[in-house]
Amino acid sequence: MKINIFYDQVKFRLRLSKKVKKLIEKVIREEKKTPGDLSFILTSDENIIEINREFLKHDYFTDVIAFSDNKENIINGEVYISVETVRNNANNYKVSLKEEILRVIIHGTLHLCGYDDKKMKGKMIMREKERKWINIANKLVYGIQT
């Protein structure tokens, strides 16, 4: 098992990355799965839209794209996160950048675990799980009591 966080063409750096990696592992294990090889790539809007166009045939910006390479119950994959879009979303939703980054990391991890948010029911399930994990993350990663 190896969880990596990479930075591609962004100045942003994730603080407390060891704790964030523990959080990712905890989310996966809670889903009764085993963490495998995972890469979280924090990148730019420019790169995200290229990935979105090339691999998903979508012509729009997004905050997170997840590619799964799971082997049975072992979660492997790549999660691309646009720091620019996450920053804009944080401003729009009036939350801190660190909370929104954690939310999309959790969101991408849930996608790797098999959750889908294309339909309303799946979206509601994912949002509920995100809220739960954000509360845990604030305590685990940042020591914030909610």
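Just so it is clear, none of the values below were taken in a lab; they were calculated from the coordinates. All of these numbers come straight from a predicted model, not from anything done at the bench. Neighbour counts run over all protein chains shown; Cβ positions are idealised from the backbone, glycine included.
Per-residue Karplus couplings for the range 33-43, computed as 6.51 cos²θ - 1.76 cosθ + 1.60 with θ equal to phi - 60°, are listed in order as 10, 10, x, x, 8, 10, 10, 10, 10, 8, 9 Hz, Gly and Pro entered as x. Membrane-span-like helices in the chain, defined here as complete DSSP H runs extending at least 24 Å along the helix axis by their C-alpha atoms with mean Kyte-Doolittle hydropathy no lower than -1.0, are 120-140; this is a sequence and geometry rule, not a statement about a membrane. Under 22 Å of direct C-alpha separation, and excluding same-chain neighbours fewer than eight residues apart, residue 119 reaches these lysines: 57, 129, 132. When the helices of the chain are scored as -39500 (n - 2.57) per DSSP H run of n ≥ 4 and the total is divided over every residue, the value at 222 nm lands at -16500 deg cm²/dmol. Look at 34, 85 and count the other Cβ atoms within 10 Å of each Cβ; fewest to most, that gives 34, 85. For the chain, the direction-averaged projected area of the alpha-carbon convex hull comes to 8.5 nm².
Of the beta bridges DSSP finds with both residues in the chain, what % are antiparallel, to the nearest 5? Expressed as a percentage, antiparallel bridges in the chain total about 30.
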